[in-house]
Amino acid sequence: TTFGDYGGQYVPEALMPAIEELTDAYERYVLNNEDGFMDEFRERIRDFGGRPTPLQRADNLSERYDRDIYLKREDLLHGGAHKLNNALGQVLLAKYMGKERIIAETGAGQHGTATAMAAAHLDMPCEIYMGRRDVNRQRPNVFRMRINGAEVNPVDTGRGTLKEAISETMRDWATTVENTHYVIGSIVGPAPFPAMVRDFHRIISEETRRQTREQYGRLPDSVVACAGGGSNTMGIFADFTSDSPFSTAPDSNTDADDDVSLFAVEAGGSSLDVDEERGVAPNSASLSTGSEGVLHGARTKLLQNSDGQIMESHSVSSGLDYAGVGPELAKLVDDERVTPVNVDDDAALEAFHRLSQEEGIIPALETAHALAFLETETDADLGEFVVVNVSGRGDKDLEAALEETAQRDIPNAPAMEVFDE
Amino acid sequence: TTFGDYGGQYVPEALMPAIEELTDAYERYVLNNEDGFMDEFRERIRDFGGRPTPLQRADNLSERYDRDIYLKREDLLHGGAHKLNNALGQVLLAKYMGKERIIAETGAGQHGTATAMAAAHLDMPCEIYMGRRDVNRQRPNVFRMRINGAEVNPVDTGRGTLKEAISETMRDWATTVENTHYVIGSIVGPAPFPAMVRDFHRIISEETRRQTREQYGRLPDSVVACAGGGSNTMGIFADFTSDSPFSTAPDSNTDADDDVSLFAVEAGGSSLDVDEERGVAPNSASLSTGSEGVLHGARTKLLQNSDGQIMESHSVSSGLDYAGVGPELAKLVDDERVTPVNVDDDAALEAFHRLSQEEGIIPALETAHALAFLETETDADLGEFVVVNVSGRGDKDLEAALEETAQRDIPNAPAMEVFDE
Amino acid sequence: MSNPAIDAAFADEPAFIPYLAAGDPSYDASLEYVEALARGGADIIELGLPFSEPIAEGSTIQNAIVRSLQGGMTVGRYFEFVTDLDVDVPVVCMTYYNLIYQYGDEPGPEPFVRKAKSVGIDGFVVPDLPAEEADPLREACDEHGLDLVFIVAPTTDDERLDRLVSLSSGYLYVQARLGVTGARDDVSSETTSSLDRLAAYDIPKAVGFGIKTGEHARDIIAGGADGIIVGSALVDIIAEGTEADAPTEETAAELESLCEELKAGALEGAQ
Amino acid sequence: MSNPAIDAAFADEPAFIPYLAAGDPSYDASLEYVEALARGGADIIELGLPFSEPIAEGSTIQNAIVRSLQGGMTVGRYFEFVTDLDVDVPVVCMTYYNLIYQYGDEPGPEPFVRKAKSVGIDGFVVPDLPAEEADPLREACDEHGLDLVFIVAPTTDDERLDRLVSLSSGYLYVQARLGVTGARDDVSSETTSSLDRLAAYDIPKAVGFGIKTGEHARDIIAGGADGIIVGSALVDIIAEGTEADAPTEETAAELESLCEELKAGALEGAQ
């Protein structure tokens, strides 16, 4: 249940029996494919989700950076992001476990929409908790969840954002644990969630290994992914880390894998400095600047003040705006297997426009961070052959990206005067 | 250049040399794969577009209708609809032809966004004409085009909708024809456009044949697709029609194919009656109710008054809201190879909510028409094994669908009171 | 085989061919406007029958078409209009093919041509009908003795040109530049080279697209044209008059005056 | 090995254990409120140290935590608060593990426990610390002679129960029902069955979650509990007082009065 010193199960006693039950189900169904669970998962994520997603050479970026840049196109997964891998896996697992009801938290709404889709697909009642402020800011995602038949429960406590929604979902679970599964949205939370969520997302890594070999003849020199909670990150890193308990890829070769550099790109926000007085970190770079602590059920790296109170994080990308990070990723950083880097809001917006204009793919603002790293990284660490995980599409971010762009001096921003009349 | 009596090239003389040049390029590159054009197209539509798209069994619909309902998931193509097949094919062809600039018309913005993406991907300057009213109604799609680097030219003439945008694009082309390619958005227009656009979309049909055989062991009993202009329709029908000049599928079997029923589902709007006085048809059912005439470069079935003036069409789905239809589809209907049917706005909205809630896929309102046909079709004509083309996803339609739903009594509409506060 | 009235218009001096959309902005006003063209010296009148999807027109004429349709113009009213029209110059009907194709009880263009003949129309210009699709209309025109005028564009190559000339009767409509109809400020060098290419063909060449002043008219005739076609510059006067709600007579007088200038320019070019 | 002060609280009669968040809504007011609990008959006080992510609390206590943090409560101020507090009953610190873990210069819970001991705290309840993660804190508590109270839930099975009882000192916090903290209107049948299960264990059982009246308190003690824990019903009084901007003394008097009722109910249940 731990990754070195990270991980664990810091949850109320009332939930521990559910955690034990889930651990048992994880081992049986996910790790041992009991009743053909993983076969069914793979078939559904293929036919319903649209896997495998392509690995695409980005011709124009490759020319720009004078390296072979390949994009792992998770933006093409049903729902528009990698999120469905996990949501579908967990809802299916809940079904195998005999649960009758799904709950989940959501911030900007991506995990909520993925969970609502998976629950509709598998005919499971579903309720999503979402902060009132997020409900008001993310109307299209609330529409999507409602249209998919999920209940959306606005959370009015506190500031009405993700952290209140997580607490509220935990509370629901503490009350309904006997018939309800909590579909956690990232590789965070108490064990077995971080390992289980990774194992649903590791299909990204598995495909990337196969596709790089087929299309390029070898594994990449480096893999770049954005990291908030870190689910897309661990998804594409998983089979490149030699200590993955799930690393059963027939082509796995520990020596060669260690040559593949892994870069986790965090949100540098507006600054890496923190305002301890106000409890605000104007970034979400917990791997780069955080310290060890306990949040939402696990020990990991956190943005916290010296008392241990959790800081309010910030990023132009709401999906990266989280004060913690998956415990396995924290461990891999300590082990120097994964290199944490970060880019600021401005660089991410510039990369958002760059990929849109040069490759015809509008990325999620989360993904734009990974792409921005290509621009800032001028030395040779990336090597000749780089895979970037395009974790999601940017349709959800259009308004936000244009608003944030308008407030800044982004050199490649498109003029929007077409709306003037 | 014709399909029986349909088709042809009713365009100004100034454009005829470009049409001849395009015809030549179509024959060389598309039909004869000169310079490996089709190989490159197939590789790019795979890696950039995300083909093949899955053929998914819809478990809950299958149970509801007591047939095997399979969904061809074009909604998972990059951009969210089948549109990219054509846009990418034509932009690539323009590149092979040495053109330096792309123009296109767009109504609701789907073809414009697909063209903008393809042009960015292939590094071609791109301008999109869009009626002023559509610009104001479809802001997210205008954002997407601008973010992808395309110019968007609002058209202020007339009512500011699709027909004015088509005329304006024709005018641009008439001025710039020597260095510019006009990427037409459906299987309409002068020859060779209808055949060429079909040939870029027929990959849908090709995959469907292969996937039905692999997953079900045989071809389907029927194929159902919505029809506005008809590009997704001909895309999935193409290889099931024995007279396709492009029907080179190695497994093709004319006898067996003729057993596959093909249903083109048109927008019945609010009524099939027309208001000749006001020149308004409250539907877009040109195959079912239209008559032969000439529009936008081709002879086809049209909604027109007795003088031959084109009617203002209507549908809850802006993508079906067109007074004409592809000439090949008109021919296939006359030949009784394709059965035209129609469903009204209410049935389409109900089907929109049904697929969303029961299968976890929010369809485009266009697609919802195809799905609505399953509900109304109570006799056995569909057979046991039905493929429905899910031509696009409904993210673009969320606001419109909810607004239209709120104005009607749709039994399965979700309550939206979550927004009340 | 061409219409004698149209042949006559080119016989002695350069032909001045103004265009207006019938019924712009109303039936009665339009009658007066078209008659003003004749008073201003028109040798042939191109009279537009408005179609709802005018893909070959610039915004000036498109707006005229919208005004005319909103004013109640229909195909039936158009034929009445021609009947009511009191001019003694040939009238060429300019419209899109679908209106020609739909008319009457039988499919095809013949009923429309027959009716046109009966109301005194002398020929047709159909901007969306290239040589490839023209046979049925050409046959109907031959049957009834009407001219069918084809448009030659700067992009038209020599092979197409031969074919267009062989199909065309009355005159050739020489498109002065790429693009759509609309008044411009200069005379295109494309015009000159088009006329050079056409010199060898024994058919009157009338140049259109972009002519707005007597000076333009003069230069084009001097460059070898047999006639000039002017539409947008005249329609602009109606648009402004309609916008300003000016008296019909005032607008008609302005039309007449511009026609006189254009006609004079053409005559000067022929010196 | 448990803290004698806490043992004493259960020695003769049922223990009444009220909870408040320290610093809610301000340091000074909160001091008066907590002292009012003692005057109202508290045998032990559970004093919350607010954490920014209180995942186990219902909205009542979550809001109290927000008020307290906004009022400037920190870990350092909490220890001052306990020092300043003038009560003669044992104080149990209720907080989340991260604050315990972060305190001091060395990682781990020992510095926090040492400091807690020095200001007079007698024990801990840590809602997000299950048996699985409790060893370091258990050891530190043993070293300094403080109690560590574990929560037993309706979902806790017999195996886990054995382990929790073996780890717990002072008393067991018996969660009366599934869910989170918050005052309810009825006594759950889960409570009764939980108490039956626990009867065999030789450790005081204090029941919490949902108790709001003297009648509840009576029923629960009558059902076999050794104590009652009441939080939300008391916090509600502070929330209302804060909302109404009522004088501190008035709110303190209400708290004292409810404590008296609860204490009386508990004593009645022990008859």
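The values are calculated or read from the model by the stated rules, or taken from the named source; none is laboratory data. Note that this is a predicted model, so its numbers are computed, not measured. FYI the Cβ positions are ideal-geometry reconstructions off the backbone, even for glycines, and counts take in every protein chain you see. In case anyone asks, the SASA skips ligands and DNA or RNA and just uses the protein heavy atoms, side chains included. Shrake-Rupley method; radii C 1.70, N 1.55, O 1.52, S 1.80 Å.
The table below lists the values:
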read-out	value
Strands (runs of 3 or more DSSP E) (entirely within the stretch C:121-226) containing at least 3 residues that are among the hydrophobic types (A, V, I, L, M, F, W, C)	C:147-152
Selection count, the stretch C:110-144, where residues are open to solvent by less than 10 Å² (accessible area, probe 1.4 Å), within 11 Å of chain B (Cβ to nearest Cβ) and touching a Lys or Arg at 6+ places or on another chain (Cβ under 9 Å)	2
Residue match in the stretch A:158-169 (condition: within 11 Å of chain D (Cβ to nearest Cβ), among the hydrophobic types (A, V, I, L, M, F, W, C) and either touching an Asp or Glu at 6+ places or on another chain (Cβ under 6 Å) or surrounded by fewer than 23 Cβ atoms within 10 Å (Cβ to Cβ) (or both))	yes
Condition met for B:Glu178 (of a type in the set (D, E, K, R) and closer than 23 Å to B:Phe3 by Cα)	no
Residue among B:Ala364, B:Ala351, B:Ala400 that is open to solvent by 30 Å² or more (accessible area, probe 1.4 Å) and within 14 Å of chain A (Cβ to nearest Cβ)	B:Ala400
Output for the stretch D:52-68, where each listed residue is in contact (Cβ under 8 Å) with a residue 40 or more places away in the chain and assigned to a helix (DSSP H, G or I)	D:Ser59, D:Thr60, D:Ile61, D:Asn63, D:Ala64, D:Ile65, D:Arg67, D:Ser68
Test: residue in the stretch B:311-320 that is over 24 Å from C:Pro127 (Cα atoms), within 14 Å of chain C (Cβ to nearest Cβ), at pLDDT below 95 and crowded, with 24+ Cβ neighbours inside 10 Å	yes
Subset tally (residues that are within 20 Å of C:Tyr171 (Cβ to Cβ) and not charged (D, E, K, R)) for the stretch C:73-95	9
Qualifying position, being in contact with a Ser or Thr (Cβ under 6 Å, 6 or more places away or on another chain) and modelled with pLDDT of 95 or more, among B:Pro327, B:Pro282	B:Pro327
Residues of the stretch A:170-190 classified as touching an Asp or Glu at 6+ places or on another chain (Cβ under 7 Å) and open to solvent by 10 Å² or more (accessible area, probe 1.4 Å), total	1
Complete set of residues in the stretch D:145-179 that are open to solvent by 20 Å² or more (accessible area, probe 1.4 Å) and of a type in the set (A, V, I, L, M, F, W, C)	D:Ile151, D:Val165, D:Leu167
Among (1) modelled with pLDDT under 95; (2) of a type outside the set (Phe, Trp, Tyr); (3) more than 29 Å from C:Ala217 (Cβ to Cβ); (4) in contact with a Pro (Cβ under 7 Å, 6 or more places away or on another chain) - the single one C:Gln62 does not satisfy	(3)
Residues satisfying the stated conditions in the stretch D:72-108, i.e. touching a strand residue (DSSP E or B) at 6+ places or on another chain (Cβ under 9 Å), within 14 Å of chain A (Cβ to nearest Cβ), at pLDDT 95 or above and open to solvent by 10 Å² or more (accessible area, probe 1.4 Å)	D:Met73, D:Met94, D:Tyr101, D:Gln102
Verdict on A:Leu71 being in contact with a strand residue (DSSP E or B) (Cβ under 8 Å, 6 or more places away or on another chain), surrounded by fewer than 24 Cβ atoms within 10 Å (Cβ to Cβ) and over 21 Å from A:Arg137 (Cα atoms)	no
Residue in the stretch B:301-308 that is under 14 Å from B:Gly228 (Cβ atoms), open to solvent by 20 Å² or more (accessible area, probe 1.4 Å), within 14 Å of chain C (Cβ to nearest Cβ) and touching a strand residue (DSSP E or B) at 6+ places or on another chain (Cβ under 7 Å) present	yes
For A:Pro52: the one exception among (1) out of contact with any Lys or Arg (no Cβ under 8 Å at 6 or more places or on another chain); (2) open to solvent by 10 Å² or more (accessible area, probe 1.4 Å)	(1)
Residue match in the stretch D:255-269 (condition: among the small types (Gly, Ala, Ser) and at pLDDT below 95)	yes
Some residue of the stretch C:240-259 being buried (at least 23 other Cβ atoms within 10 Å of the Cβ), assigned to a loop (DSSP other than H, G, I, E, B) and not aliphatic (A, V, I, L, M)	no
Only one of A:Ile102, A:Ile69 that is in contact with a Cys (Cβ under 9 Å, 6 or more places away or on another chain), touching a residue at least 40 places away in the same chain (Cβ under 8 Å) and β-branched (Val, Ile, Thr)	A:Ile102
Residue ranges of helices (runs of 4 or more DSSP H) in the stretch B:341-408 with at least 1 members touching a helix residue (DSSP H, G or I) at 6+ places or on another chain (Cβ under 9 Å), at pLDDT below 95 and within 17 Å of A:Phe143 (Cβ to Cβ)	B:398-406
Candidate set: the stretch C:181-209, residues that are open to solvent by less than 20 Å² (accessible area, probe 1.4 Å) and out of contact with any strand residue (DSSP E or B) (no Cβ under 9 Å at 6 or more places or on another chain); chosen: the one modelled with the highest pLDDT	C:Ser188
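Residues checked against (1) out of contact with any Ser or Thr (no Cβ under 7 Å at 6 or more places or on another chain); (2) open to solvent by 10 Å² or more (accessible area, probe 1.4 Å):
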| residue | (1), (2) |
| --- | --- |
| D:Ala22 | no, no |
| D:Ser26 | yes, yes |
| D:Ala36 | yes, no |
| D:Asp43 | yes, yes |
| D:Leu47 | yes, no |
| D:Gln70 | yes, yes |
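Quick grid of which residues meet (1) at pLDDT below 95; (2) over 25 Å from C:Gln70 (Cα atoms); (3) among the acidic types (Asp, Glu):
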| site | (1), (2), (3) |
| --- | --- |
| B:Leu272 | yes, no, no |
| B:Leu287 | no, yes, no |
| B:Glu292 | no, no, yes |
| B:Ala323 | yes, no, no |
